[in-house]
Amino acid sequence: MLRLLNVYNSCSLSITFTKRSLIISRLNELLKNDCEQLIVKDFNLHHFHWKRWRCFTHHTTTNTLLNIITNARLKLLLKLNIITREAHNQFTMIDLVFSSEKIQFMICKCKIQINLHQKLNHLSIITKLYLQTIFVQLLTWWLWKKMNTEALSAYLRIHLSLKRSLNDKTIMNDRVCKIIRVLQKIIEKSIYLTKSSNQARDFWNQSCFEVVMKSRWLWIIWKMQDTLKAWNEYLKHNDHKNKIIRQMKCTHFRSQMHELSEALKSIWRFAKWARIESQLSKKLSQFSSLKRSDIDHMTTTFKKKIEILQEKFFFSSFQANVNDIAESFISLTVSFNSCIIEDEVKQTIRWVKADKASDTSDISNRVLQANLTELISVLTSLFNACITHKYHSKQFKKTQTIVLHKSKKSDYIDSKTYRLIALLDIMSKALKSIMIKRLSDIIEIHYMLSNAQMRARCKRFMILTLNLLID
């Protein structure tokens, strides 16, 4: 993690002024954190350390600054004797750039940039670094219920005209990928994104809602009238809105403090946090430590945790032994119509929940349900091609596997306290549901399962199971 400190230190009263400034004191506290540091800006201090030539002045405060820089193991990035300020026929170097040791190897450029000069007596310094950034995904989601179904249908009619026959595996894979791309494009164009509302916060109440709505209404009035009176009214109420929200935040904070003060354990935990971690930056969420069994040691490294979860969930498959089951092998020839009709696809897609979680393609079943008229022929021909060629598309096999912890467990150190869920493609779910229903009907009609088999069977309730046990 890189911490960038933009510093401005006001001019000292005199060269021999020894009292430490507030900026220098604050800088000493910030540099104690264990992270990479980059300090830039105007220190307003002269010293022989960075201005070798014509250094007629020497501020005593620079000794304190140099001690802080040395203790933090920072180094000056700018070359010595570079002029950073021109004023009153005097050339000085008071704008400095310091960095920690690792940052020095990431520096691409650190020098004076003349074309950035903005009519000031300070010359601009440009500093470029090679950094490996981490993309932080915002908590946003699609407003599926407010999608424009007419725009979706019109876009599908234009861009989903697929006339090529599906007689090859490559063509089938391309067809699935094209359908997914078209659906993703229409989702981006016709469905809005939203983020978490202020109303989801703990301090938010009816008074906050009222002042915010009034502020929005005054903004609309000013846009329509475009007068100074309307603008002043908006500004006045906007200040009142900010005041109300601050009061609600303060009241909520005080109520939380009151609750903490009543519980002895909580107040000491809060005091420890305030003393040690309150000034630190927020830590990234981490997976808890794991172990294979009670005998094994705790693992804290990310690689070891992956190995433990991989052994737990993705173990090698083995053949089940069914020799102890009577009549386990049945030789029976069954004839059925393998062709999937449009009514089957319609019924299956409507049966699946509208907002069921999808895979990485992020296509909701609500989109398929809203555009069944345009998609039904395309999906039916695709599903029939999968059955005819006995091929499951590569895109259908892709899953997004998520590790969830089981609820109401004392701790989550043991790998047994976790479980997996696999999110499939929404079209793959429809094809899977059709085949499961067909196989279930064939098995039940031809009595291919024992009467003692209860799990994963239709109309097999707990009462029936208890009656069989009693009889």
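Only the coordinates and a few stated rules stand behind these numbers; no lab work does. The model shown is predicted, which means the values in this text are computed figures rather than measured ones. Quick reminder, even Gly has a Cβ in these numbers, built from the backbone with ideal geometry, and neighbours come from all protein chains shown.
May I ask for the net charge around Asp359, where only other residues with Cβ less than 12 Å from the Cβ of Asp359 are counted and Lys, Arg are +1 while Asp, Glu are -1?
Neighbourhood net charge equals +2.
Among the listed pairs Lys32/Lys272; Lys169/Lys353; Lys75/Lys111; Lys102/Lys305, which have their C-alpha atoms separated by more than 22 angstrom in this model?
Lys169/Lys353; Lys102/Lys305
Which lysines, if any, have their Cα less than 17 Å from the Cα of Lys409, not counting same-chain residues under 8 positions apart?
Hits, sequence-local ones excluded: Lys291.
I need two numbers for the range 296-414: Rg to one decimal and Dmax as a whole number, Cα atoms only, in Å.
21.5, 58
In Å and on Cα atoms, what radius of gyration and Dmax does the range 336-471 show?
18.9, 54
Under 20 Å Cα-Cα from Lys229, which aspartates and glutamates qualify once same-chain neighbours fewer than 8 residues away are excluded?
Asp239
So, in nm, how far is label Asn242 from label Asp324 when the simple model puts each one 7 Å beyond its Cα toward the Cβ?
7.5
In the range 368-420, which trypsin sites (Lys or Arg not before Pro) fall in coil by DSSP and have 12 or fewer other Cβ atoms within 10 Å?
Lys390, Lys406, Lys408, Lys409
Where in the range 385-405 is the amide nitrogen less than 14 Å from a point lying 7 Å along the Cα-to-Cβ axis of Phe313?
Once the point is set 7 Å along Cα→Cβ of Phe313, 399-405 turn out to lie under 14 Å by backbone N, inside the range 385-405.
With the contact rule set at Cα under 8 Å and sequence spacing of 6 or more, what percent relative contact order holds for the range 201-282?
Reported relative contact order: 31 percent.
Amide H to amide H under 5 Å from Leu290: which residues, 5+ apart in sequence or cross-chain, H placed 1.01 Å off N in plane?
Thr299
How much net charge surrounds Ala271 when only other residues with a Cβ under 13 Å from its Cβ are counted (Lys, Arg +1; Asp, Glu -1)?
It works out to a net charge of +3.
Return the FRET efficiency for the residue pair Lys185, Lys394: r is the Cβ-Cβ distance, R0 is 35 Å, and the value is rounded to the nearest 0.05.
Here the calculated transfer efficiency is 0.95.
Over all Cα pairs of the range 198-276, how is the pair count split among 5 Å bins, expressed in % and running from 0 up to the last occupied bin?
The distribution over the range 198-276 is 3, 14, 17, 14, 13, 11, 9, 6, 5, 4, 3, 0, given as percents.
For Lys390, go through the aspartates and glutamates and keep the ones whose alpha-carbon is under 13 Å away, minus same-chain ones fewer than eight residues off.
Asp168
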